[in-house]
Structures are given as C-alpha cells and as structure tokens.
Amino acid sequence: MFSNNRRISDRQLQALLLADWIGKMVLLLPGLAGGYSGLDLFTGTVLGLLLAAGGLLLILRGAWSAPVDYYTYVKKQEGRAAAGILYLVYSVYFLAQTVLLLFLCGEIASVYLLPEYTRPVLMVLPLVVGYFLARGGLEIRGRVSEMLAWVLAAVLLAMLLLAAVQIEPARLWEAVQPAENSLGGTGQPLRMDLSGIFWCVALTASGFGSILTIPLVLPETEQRKGWKKKLYLAFCMAGIFLLLVYLCGYGIFGAAGMKRLSWPMITLMTSIDFHGIFFQRWDVFLTALLLVSLFLSTGNGIYYMERIVLTLREQQRNRKRGRQTTEAGDLTGVNSGGGSVRIGCAVLAYLLAWGAGSWERVRFFYERVAIWFCVPVLALFVLLVKRKRRTKAVAGVLALLTVAAFLLTGCGARELESRRFPLVLELDAKKGELILGCAWPTVKENGGKQSQEDGMGGGEKSPEAQAGSEQDAASENTDKQGVELVNDERITRAAGAGMAEAVKNVQSLQDRYVDYSQVKAILWRSGLKENPQLEREVLLWLEENPAISGNILVFRGKTQDLSLEIIQEHAQGQPGDYLENLYRNNEEFQNYTCTLNDLLYP
Amino acid sequence: MEKEMEEPGQTREMEEPVPGQIERVEEFLQRRCADCDDIIVRDMELGQGRRVKCLVVYVEAAAANMMLEDSVIGKLLNHLWEMDGKEIHRAVTDNGLGISDVKELETLGECMAAMLAGNVVFFLDGYDRALKISSKGYPGMGVTKADSEKVLRGSREAFCEAVKVNTALVRKRIRTTKLKCEELFLGERSNTLVSLVYMEGLAYPSLLEEIKSRLSAFEIDGILDSGVIEQLTADNWYSPFPQFQTTERPDRAAAAVLEGRILLLCDNTPAALLLPTTMNSLLQTGDDYYGHFEIASLLRCIRYLAIALAFSLPGLYLAVTNFHPQILPTNLLLSMADARGGVPFPGIVEVLLMEISFELMREAGLRMPGPIGNMIGIVGGLIIGQAAVTANLISPMIVIIDALTALGSFSIPNEELSEAFRLLKYGMIFLCGFFGIYGFVAGWLLLLIHLSGLRSFGIPYLMPFAAGGRDGISRWTDGIFRAPMRRMNRRPVYAVRENRRRMRWVEADTQDKPDGGAE
C-alpha cells in the first residue's frame, strides 16, 4: 500500500525551499535593500549567494541517515545547555521571520490591493492560511509546495523576462554613477563602502535562512539518489530570481529610483504592457503570486515554531520525570498539546506584528534579531543534521480571528458604479496654485438603452437632466485666484495649494469616488514646468500612488494645442484612447511625449 | 449501538439446525413470519398416498409463479408428487432428481436469510436440512442505459439494483477466476448483500482487509444505499470531497478492478463504489481511454478549467470589479459600470442571489417529473433571468458569470466532486467579496491545503500531482494529459508494486501468455 509514514520526498523538500525563497527573493530582499548603492548591492548579493551556497553545501555534505533527532545529537555532542540554546535561537528566528512575513503581507495588501482595509485585518488571512499549513504538518506543506512552487517560479520568471526587455543599459551604469539631477536623489554620486557590502551579504544570506531548517526536516525526508542536486537546483533558481530582479530594477528605474522605491518589483509590474493580452495591469497578478509564496513561508514559520517549542517542552518534561531519551531520540510525548502550542505561536506572532505598528520597526527588529543574531548563531551550530521523529499534530481550528475579521471589516468593497474614472489628467500651475483637470469618459448609447435620468451610463446624465439638476454645480466659475474651474459631465477642474489639496478638491466636487486607475495620459502644462517645486510634488504624488501606472503617456510640449475641452470634443467619449491614438499615429506628438516612468526616472 | 433487534434467545434459535419434524419448522415459520402477509408458508403432502409432509416458504413477489411446471420448484414438486413416499427422502437427500440449482441449508438462520433474499426454501418432514431453490428474485429494473455517465464511445450498459446481476456485468468483462467476489451482509435489519469484487494479485490484500475491517466496525439498522457505506467508512468523513468513486458503468468498474482497485457493490444500489480514489480519477471518464490521446488530453484540460470556473469565477469577478478594476480594459470597465448602474444590490449580494436562484432551479429541475422538469430551464433562463435584468435587479454581466460557473460545474464528470466545489464556491465568494484578490489567493491555498491532507485508504487525494511519480504514473502520463495508449503500460499506484506492468509488446517469435497476457 502507499506508505503512511508521513515522510516527504526530496522533490517536495525542493519545492518547499523554492516556494519559500521565491517571495523573499522577488519582494522582500529588494525591499530591505533600499538605500544602498547599486555596486554595493550587486557585490554584496553575489557574495551573499556564494556564502549561502557554501552553507548549503556544508549542510548537505554533513547529512546522514542515522535515526537520531537533531536535538538529541547536539545534546550528546555539546551538552544539554547547548542544545537548548540552539533551539531557543531557532524559535526566536522563526518568530522574527513570521512576524516580518505577517506584517509584510498586510503592508503589501493594504498599499497595493486593499487600501480600504487596515493592516491588522489584512494580516489575519496569512495567519489563517499559515495556521492550516502548519497544522497539516510537513506532509501537507510538502504537497502544496510541490504543486505550486514550479508554477509560481515559471510564471514569475516569464513576467521578469518580459519585463527585462525594457532594461536600458545606460541605467545599469547608473548603479555605479547615478545622474546628479535624478528625482529624489541627493545630487551626489553614490559611494561604495564596505559596511554596505557587508550588510548586503548578510541580507542575501539571511534570505536563504530556510537552509537552516534542513537539519530539522531531513530525517523526515526520503533521500533518494540525486536528492542533493534537487536542492542545489532550487537554490540556483532562487539566485537567478534575485539577480534578475535587481537587473530589471536597476535597468528600468535606475539607481535613484531603486533607492526610493519600497517595492520595486510591484512598481515595475504597474508599467508592464503585454501587447495583445486582455488585461491592462499586471501588478495585481504579480502581487497575488508573491502572496502565495509569502503565505507558504508564514506557514513554515508557524510550523517550525510549534515543533521547536514542543521539542523543548518535551525535553523539559522528560528531565523532570527522569526519563532519558533513547538513542533513537524518543520523543513520543511531543505529540500532545500541539494544537494549543500552534495557536499560541500564531497568536504571538500576530500580536507582535500588530504591535510593531510600522514597517520600519518590524524591519529594525528583524534585522537586529534575525539577521545579525539568529542566522549566524544557527549557522555555527548547524554542522550535522539529525532526525526528529514525526509526531502527530492535534487537530485545531482557528476560526475566531477570521470571524472577527469579517465582523470588524464589514464590506470594504466599492462597487464599479460608485466610482468615477478620469481617463486624462491635466496638470498646470497658475499663480502658485496647482490646477488639476480630469477628463471623464462618456458612455455611448446602445441597444436603445439611454444613459440618462436614472444616473445610468456610468453616472452620465442627458443634457436635459443636466440642465435641470446641475444648476448649483460649480460649473464655469473662477476661484479666488482667477483660475477657471469646471465641473460638468465631461471635465472637472479644481485647484489647490498642492497636489494633495487639488485631488481633495476634485473629489469634493464628485458624488462618486474618483478612481485614478484608468488614467491613460497626462497633459503637462508649461505652467507646471515653470514651478519646479510644485512639479516635484506632483511627480512624487504620481510615483507614490499605486493606482497610477508608470507607462501612461505624458504630453509635455505642444500642449497649448490640446486642452481637455478640445480633446473631449474630438474624443467621442474616450479621451484616453484619443490621446493614445494621437501619440501613436502622429510623429509630431511623439517628439513631445514620454511615459511617466521616463519623467520619474530620467 | 444497542442490540435491540434480537433477543439473545432469538439469536440462538436462528443458529439451531433445521429440525427434522415438519411441525416444529412450521411453528417456527408461523411465529417468525407472523403478520408478514407477503411471505407465503405453504404446507403440502407429497408422494403416492400423500404421506410425506413438506413445506415451502417464499416471498410472494420474489418467487411468483413458482408453481408453474416449467420452474425449478414446479418440476421438483411434480416429480415428488408422483414418487413413492419412500423414494422421496432419498431423492431429496441425494439430489436424485439432478436439480443443479439447489443448495442445502443447515440452520434456521440460513433458511430465513435465503428466503428473505428472494429464494424458495423447501422443508421435508424427516430431513434435517432445507433446500434453497433459486428463483428469479425480487422484482427490479433490469440492465438499462447509463443516464448520468454519458459517453460518446463505449458501452451503454449501466448497473441495475440487483447485486448479483451487477457482479455478472463485471464478470462478463473480466473472464477469469482471479476476479474474486466476496459477499457480506450489512445492516442488522436490512441484511443487505454487499459484494467486494477485486482482482487477486493486483489489489493489495491489506486494502481488502482494511475495507472489511471498516465495514465491520459499525452496526446499523439498514443499508439502503451504498452512500451510507461511503459515509461510514471514509477516511475524512468531514470533508465534502468524495473519497470513493461512484460509477454506474460496468466497463468503468471493470477498468478500475484491472487497475488494482476494489469494487463495492451494494444490493438495491444501481452504482458501484470504487476505492481507493484520487481527484484525478474522479475527473476521468470512461471514454478517456477509448479515444485518441490528444482529444482525451484536451477534454481533461477543459475539465480542470471547469473546476477553476466552478470554484472561483464568481469570486474572481467580485474581486476584480470591487477591488481591482484597474486590471480590466477601460472600455469593458466602463461598459460594466454602465450595466451595473441602477442595480440596487451590492455586488456580493447580487452574486449570492444569482447563485442561490440557480441552485433552486437545479433542485426544482431534479425533483419535478418529466416534461415539467424540462420547463424549469426555460422558466429560469427566460423569465427569471431576463426579467431580472430588465427590471434592473441584476446586471447582465452576472448572468454570464453565473452561466459560465454553472457550465463549469456541470462539466465535472463526477457529481459528488462537482457538488463539493459548488459548496465551497460560496466560501470563495465571501473571501473575494471581502478581501479581493487577497482572499482569492487565500481561498485557493486553503483548498489546496485541505485536498493535500485528504487520503483515500492511504492514497493521497492529489496524486499524481502531489506525492506522485514513484509508480510510473506521473502527472504527464495520466494526469491532466493522457499519454498514448502504447505508452500506458503501467498500472497506477492502486495495484501491488510487483504487478504494475499491464501491457507489453509481444515479440514475433514468442507465444502469447494465457489469461490475457497480464502478469
């Protein structure tokens, strides 16, 4: 019969490691590495990869098949105190990692996916998934990873390779010598220093920290012929991902851009355009794929925390009872109380993540505790691997937090018909004020269905209805500075002291939420170019707004020939498409147009 | 469960041997069958001079026309009627009449069981055994066409409700004595006959012992359908996913037996249970192996896509429209926003309303008889759907989404698997409705975690996608894709490891092996 020994295959171990590394390589490490120069980063990354590879090699070379669990072996070799300390450090490391991952999931989701929700609420889902993964044990985690890891890797690799076609070699050079006038830069060339390299080495090596879990799981892994090669292959794949991410990031955003961006890969995906494919934005898909990896990693953390705590507890009990563990590492009592320990570990990690409050604090905690302390200590101890007998987990259900999350959130969804989508923005500055104009789409009448009266047709009203109902609308008036303001079914124009205020004023004129995710083009007026401070503020706002895609067109010259009114006259209700076609088919306009990314990262 | 069915005395009585005195037999039968007007106890006197008393007992409908001359019992009685009284005993005890279709019964319990199974039981005064004479048995539907497992190519026969006939349908396709059929009786009151059919040398003996052990682990009043057995013996009883495969097709059952699986046939159930099973097996149909591998592969891909649609399409729709509209092209987005204008319900309520309406229509279509049931589709589709859209209660997009979801659900070949995904779809709707694509990811992960933990008699449910590849059947051989038939020379993990080869090419200068060439 099919064996029921709850062991995993070498292929599953490979998938476990790969699934764990993908999210960290593509998302976490580039996020943590911000602030260091490109040369430091590349050098440190390569050295870090070599260091991690050496660690993997040492661990796998020392692998053996003696039926002794790791704790027992260390205790035998170094004493009980050493074994206890080792496992305590393990538990701290996994706790720190789980806290970081929970916070990261919540942070990414709240910025890029669900800004309507708070981070603590969004951290519940990875906690629940991680709990059930941990509850399933090594076998379930192995199977889930086996099915998902290579699919994730293939899709992400394809996306990265497609993005890589946009790399500009000149920007790669900026990793060494960035342009002095780059946005957000200090104006000074980035300098290389040893501490930066050292930090990058530590960061990269710690990204492969799950190598340190191999001694814990190897006793429960079938070691068939060629099993080590599988793990080396997974390591190589992860290393390729990391290098590719840095290449794409520096090649597209440049050094200054990479320094500023929190999550370069997600920003990269906002500006990818796969021609001919149905969807127009890919950042959501990439984020979803990365979240799969992060969820799996969270499950790993909870699982190992539970195992380690149970092991320590059982050792303590054995000691009190005066029992000696056998040569085979008899830990038959480790099984009991697994459910409550697991819940405790999960809740503790959640509370710490919640209490941390900010990404900087979590990062600080993780860097000091995990990277600077745990990883080096564990790496020293991990010389040989030990078997640890698998114990059966007690079933438990974590539904309370999930239910609370539902009750606390209510429904944060915003329906399509409650949004209004500007397709073209106009940015200008007059008399120290920023003017923000929005061109709205108008939906054609079709099939006899008329877009009027009931507010149907995307909220557009018939001329008759408009004449009757919009008499008190702010149409065609001027503000105190003499700036023309408009608010009708085709154009809204509002002013403000800065971008935030202008956006707020535009919103205040609408009865629906203004969603900028469909903006196709921006008219960049000369007035704004003449006000560098306002221009810089606008650029920063555009950069930080995840709804705005990096590949939208910016018309910077000849804009006196274009105005929102003229565009709407000619656009037949689709101003965004009109400008795109204008750019594509008119050579003159191509000379005066660039993408937003070109503006942000010159 | 308390054994309230029989008093200890009654149980001992059933174990007693058949009394030689006909009066005692008659008294026993009259007492046991009191108020059973459908059970006929007929006494008669046979032989010349009518001195030999005998008794027949039978269920009236099961052994109708038993007195006809051309039936076995009719011929027997006619012969005995004319024989000398002294010869009757010898004829019966030595089977001097040469009737092959009789079996001797030793205890009263066996007699009762044989009678209740639809046979005629014959008692003879002075003879301490009874004779079971097979009759045509209880009335039932014969072998009909398969209704729920339609195929383009392959046999059209379906199992019927008589377990003996079902066993014969399988035996018809596997004509070897290595096909074993072990019979059990389950149900304290129903005494339902259950057959375990398997191939000796292919099925794991431990699996057979395991299923027998599980069948004997419970006592229940009655087994009216194999579904009860399924629920009582499944590894993970709480999971909505089926851990047994049900089929109404004998050819499918035979194919499963040849893979090393065990067939469980239950009386009064026109279907067989195949065990163990995996999700991959549940997504295969009978004609997957009868057609070309390219077509079979395409159809399997479509079925897996159907799972994705049935489980997650409404949720994905909610996630995209409510939280991530930037994914969609602008024209489509504006069109959808325009279509939703005036709809009074939030998206999640709209989806739930449509899904529940669909479930109601489906249920009504199942329960309504014949022509009226066919009308449900017209009522549902034309009147409710169109009217609801025109009245602006729902948007047209949700009708399309719902239709695609339903099509996906119906495309899953196994009904129980389809129902499981239909149930879990609501969880996905809530997750996506509240958490967008974040919830979508979490939902799929939770589903994968659950499926990864399921086992069917020790076999991981997700084989060969997880924990596979060790038995020669990989996800590429017989998973999503099907390899060409000439490459499918190994049995899957169900068969004993030493007997995995099921096909080989015979060399020109060697002879064919007997018994179909199977090892």
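Annotations
- Candidate set from segment B:181-211 (those that are surrounded by fewer than 16 Cβ atoms within 10 Å (Cβ to Cβ) and over 22 Å from B:D235 (Cβ atoms)); member that is farthest from the other protein chains (Cβ to nearest Cβ): B:R189
- Options A:I59, A:I85; residue that is within 28 Å of A:L203 (Cβ to Cβ), surrounded by 18 or more Cβ atoms within 10 Å (Cβ to Cβ) and β-branched (V, I, T): A:I59
- Qualifying positions in segment A:538-556 - free of Cβ contacts under 8 Å to residues at least 60 places away in the same chain and not β-branched (V, I, T): A:W541, A:L542, A:E544, A:N545, A:A547, A:L553, A:F555, A:R556
- Residue match in segment B:474-490 (condition: of a type in the set (S, T, N, Q), more than 14 Å from chain A (Cβ to nearest Cβ) and surrounded by fewer than 17 Cβ atoms within 10 Å (Cβ to Cβ)): yes
- Segment A:195-247 - residue that is of a type in the set (S, T, Y), out of contact with any Gly (no Cβ under 6 Å at 6 or more places or on another chain) and part of a helix (DSSP H, G or I) and, of those, surrounded by the fewest Cβ atoms within 10 Å (Cβ to Cβ): A:S195
- Of the numbered criteria (1) of a type outside the set (D, E); (2) away from chain A (no Cβ under 12 Å); (3) at positive phi; (4) in contact with an Asp or Glu (Cβ under 9 Å, 6 or more places away or on another chain), the one B:S357 fails is (3).
- Checked against the criterion of being surrounded by fewer than 18 Cβ atoms within 10 Å (Cβ to Cβ) and over 33 Å from the mean Cα position of the chain (by Cα), segment A:550-557 contains one or more residues that satisfy it.
- Extreme residue, modelled with the highest pLDDT, among residues of segment A:541-579 that are assigned to a helix (DSSP H, G or I) and polar (S, T, N, Q): A:Q568
- For segment B:345-390, the tally of residues that are surrounded by fewer than 16 Cβ atoms within 10 Å (Cβ to Cβ), assigned to a loop (DSSP other than H, G, I, E, B) and either touching a helix residue (DSSP H, G or I) at 6+ places or on another chain (Cβ under 9 Å) or modelled with pLDDT of 85 or more (or both) stands at 1.
- Residue count for segment B:109-134, restricted to those that are under 31 Å from the mean Cα position of the chain (by Cα) and in a loop (DSSP other than H, G, I, E, B): 4
To keep it simple, each residue is scored yes or no on (1) within 7 Å of chain A (Cβ to nearest Cβ); (2) surrounded by fewer than 19 Cβ atoms within 10 Å (Cβ to Cβ); (3) β-branched (V, I, T).
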| residue | (1), (2), (3) |
| --- | --- |
| B:E294 | no, yes, no |
| B:R303 | no, no, no |
| B:S312 | no, no, no |
| B:V320 | no, no, yes |
| B:L334 | yes, no, no |
| B:A337 | yes, no, no |
| B:R340 | yes, no, no |
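- B:G433 passes every criterion in (1) under 30 Å from B:V320 (Cα atoms); (2) surrounded by 21 or more Cβ atoms within 10 Å (Cβ to Cβ); (3) modelled with pLDDT under 90 apart from (3).
- Close Cβ contacts (under 7 Å, 6 or more residues apart or on different chains) running from residues in segment A:226-239 that are under 16 Å from A:S293 (Cβ atoms) to residues that are part of a helix (DSSP H, G or I) and among the polar types (S, T, N, Q) comprise A:A234/A:Q14.
- For segment A:121-149, residues that are more than 10 Å from chain B (Cβ to nearest Cβ) and modelled with pLDDT under 90 total 1.
Every residue, every condition in (1) farther than 30 Å from A:Y516 by Cα; (2) of a type in the set (D, E, K, R), yes or no:
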{"site": "B:A255", "(1), (2)": "yes, no"}
{"site": "B:T278", "(1), (2)": "yes, no"}
{"site": "B:E294", "(1), (2)": "yes, yes"}
{"site": "B:R300", "(1), (2)": "yes, yes"}
{"site": "B:G315", "(1), (2)": "no, no"}
{"site": "B:P344", "(1), (2)": "no, no"}
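- Test for B:V493: is it touching a residue at least 12 places away in the same chain (Cβ under 8 Å), over 25 Å from A:A134 (Cα atoms) and in contact with a strand residue (DSSP E or B) (Cβ under 7 Å, 6 or more places away or on another chain): yes
- Of the set (1) in contact with a Leu (Cβ under 9 Å, 6 or more places away or on another chain); (2) among the β-branched types (V, I, T); (3) under 23 Å from B:N322 (Cα atoms), all apply to A:V99 but (3).
- Within segment B:404-422, residues that are in contact (Cβ under 8 Å) with a residue 60 or more places away in the chain and among the charged types (D, E, K, R) sit with their Cβ atoms under 6 Å from residues that are crowded, with 20+ Cβ neighbours inside 10 Å and in a helix (DSSP H, G or I), at 6+ positions apart or across chains, in these pairs: B:R422/B:S409.
- Qualifying residue in segment B:379-389 (condition: in contact (Cβ under 8 Å) with a residue 40 or more places away in the chain, over 25 Å from A:M269 (Cα atoms) and within 14 Å of another protein chain (Cβ to nearest Cβ)): no
The values are calculated or read from the model by the stated rules, or taken from the named source; none is laboratory data. Computed from a predicted model, the values in this text were never measured in an experiment. Ideal geometry is used to build each Cβ from the backbone, glycine not excepted, and the neighbour counts take in all protein chains shown.
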